[in-house]
Amino acid sequence: MRYTAKPVAVIRGLSACFTRFGKRISSVLVSAALTAGCSKDPATQVIVILHAEPALLAQAKSVHVKVRDDDGATVLERTKDVVTGESSLAHVPLVPKGDNPSRRFTLTAALVDAAGSEVAHVEARSGYVANELGQIDLWFDDACSKTPDCGEGRTCQGGTCVGACFTASALSATTRSRAMCGECETCGASCVPVSTAIDCGCPGETCKAGSCTVKDSVRHIAAGAEHTCASLDSRDVYCWGNNQFEDGSVGQLGNGDAGPAIVPSPTKVEGADGWRSVSAGVHHTCTENEGFERFCWGNNIKGEIAAPANIEIQRTPRRSSEVVDLDSVVCGANHSCGIRADATDLYCWGNNGNGTVGINQNGGKVYDPKLVGSGYKSVAASGEHTCALRKDRSIQCWGHNDSDEVGALVGTSANAPVDAGCDKSNTGKGCFTDYIGLGLGWFHSCAIREGGKLYCWGGNINGQLGFKPSTNDFNQPEPTLIAKEIVWSDVAGGRSHTCAQDNHGALYCWGLNADNQLGFDSDGIVTTPTKVDFPLASSSSPSGFLELALGEYYSCALRTDHTLWCWGKNHVGQIGIGTGAGTALETPVRRPKRVCFSPRTAPQ
């Protein structure tokens, strides 16, 4: 039989009053073909919709569906041919026996190829809410093709086996339902720990008491243009991605003269300590230990790593020799900045072509940290501009301003700090003194105010400010309130996209999505904050993120369980998931994927 989508009005007319194949199947109704002549209208109902991603859909010949009630009895079993070009494979309306909303159901579905082999498998266990019509959207994920069946009470999402408990949501054409349980849980009446020790997460990790033990706990992360670095609780620093400069030489990964041009998996940087921070620019990287010793490597042609001018490329970590101890060093494209430890003095160095160093000069190269000013609490850098949060909680910016990213109409560059949103050329509506956080993109800036209000300004050609760009002017010099209904706690920017965390630990991204750098499917540009789905660590673990780091066309997030997840463009291995079976560097990583610091022993 053929499953077909029906309007909500028809779906609401589905009833539990039919007998099929000689027995009553009042707990399950499938398609309008089973509803002829039925007049009863049950208000309590769940519709399960099955979808498939492109690679699996291309292999599929048919989909097989089975539904069991909470007594374990099979109440429906059907096979339907897959129609070419249709990603929505089946609609399965379900109602409880005897209209009892306390009843539960288990739906399993298998995607089968022309040879009769199962290529993907999903399972959902859920229940009903009295007098409510809910929906569960299950997807056969391409990433799950290597794991067709996770076992009883479990299902595969995003390449990871998780407990198969689901809660029906309101009807939606775009919903992708997420399991309520983590990879170390199974679903009975609710999420429960797996009964046996199983491997989870990354190599060397196993399930314990319903959670995955984290072998390599990540402390800080950094995303450059095309390379990524992370420091671990062990004090080790790892880097991966593009290791090549424009002239073909190598260096920003810190692995010496013999380092390869592309490193697709995390590789330890010998001689670096990133206990306090790690930051990355286009072709340079810096870390800092608890003693405020700074280690930098990579390009120094423009003074990016504050090494002497005769050192153009530093291929291994070099410890800084300055007397000034700097805290939380940050890297822009070709410059760096830091605030003096236990003080408020801000220093910058590197390329000053657009006044980027902030010392009231335009042009030249600065090889030693230069004092920008005093009274600063924190600093952020990206592209060719810098912004800093002052002790009075105002924000100052400087550097490249072709897209109004410094927050004032002061020309194409600001050679010294200007007050964002406060310049006389602005209306002054964005001039605040209660900012608490900063996050910069290459051509735009964002900041969070007391109370969690998010404001962004600068270039908006790809909607990276969080609202639809004007057809007359893509730039916005005035700090503008974004998604006022959401309380924000952290924000970060990439070349043309932005991601931010709300106070409940949910992650949202927006802007350009040509390489899936937003972590979800879209048509290329998303102009409003949209939630990114992450698999749960466990049903009881806290959600949220410790740090966000956005590269040129990719994104990374450090979760509260100290695991690192990345997604987006991966043409030079910047995502860090290696080149194992099914991993092609030229293929963007569509959704967040766990980064492992030990070699994977099996295809992921």
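Readers should treat all values here as calculations from the given coordinates under stated rules, not as data from a laboratory. The model shown is predicted, which means the values in this text are computed figures rather than measured ones. For neighbour counting, all protein chains shown are included, and Cβ atoms are generated from backbone atoms with ideal geometry for every residue, glycine included.
Within the shell of other residues whose beta carbon sits under 11 angstrom from the beta carbon of Ser234, the net charge comes to 0, with Lys and Arg scored +1 and Asp and Glu -1. Each Lys or Arg adds one and each Asp or Glu subtracts one; over the other residues with Cβ under 11 Å from the Cβ of Leu546, this totals -1.
Could you tell me which of Tyr554, Thr587, Val112 has its Cα farthest along the dipole of the chain towards the positive end, charges placed at Cβ (Lys, Arg +1; Asp, Glu -1), taken about the Cα centre? Value: Val112. Here the sum of -39500 (n - 2.57) over DSSP H runs of 4 or more residues, divided by the residues of the chain, equals -500 deg cm²/dmol at 222 nm, to the nearest 500. All other residues whose Cβ lies under 12 angstrom from that of Gln464 are scored, Lys and Arg at +1 and Asp and Glu at -1, for a net of +1.
What does the C-alpha gyration tensor say about the overall shape of the stretch 60-139? Classify as rounded when a/c is under 1.5, otherwise prolate if a/b is larger than b/c, or oblate. Because a/c hits 1.5 or more and a/b exceeds b/c, the stretch 60-139 counts as prolate. Annotation: lysines with alpha-carbon distance below 21 angstrom to Lys66 (same-chain offsets under eight excluded): Lys6, Lys23, Lys80, Lys97. The residue list Gly452, Val250, Gly274 was ranked by how far each Cα lies along the charge dipole of the chain toward its positive end, using unit charges on Cβ atoms, and Gly452 comes out on top. Applying a DSSP loop filter and a limit of 10 other Cβ atoms within 10 Å to the trypsin sites (Lys or Arg not before Pro) in the stretch 404-509 leaves Lys424, Lys484. Mean separation of Cα pairs under 8 Å and 6 or more residues apart, divided by the residue count, gives the chain a relative contact order of 9 percent. Highest mean packing first, where packing is the average number of other Cβ atoms within 10 Å per residue, the peptides 247-255, 100-108 line up as 247-255, 100-108. Tell me, how many Å apart are the Cα centres for the stretch 198-267 and for the stretch 91-158? One Cα centre to the other: 35 Å. In this Cβ point-charge picture (+1 for Lys and Arg, -1 for Asp and Glu), the chain has a dipole of about 1700 debye about its Cα centre. Straight-line reach from Lys468: taking Cα to Cα under 23 Å and skipping same-chain neighbours fewer than 8 places apart, the lysines in range are Lys429, Lys453, Lys484, Lys531.
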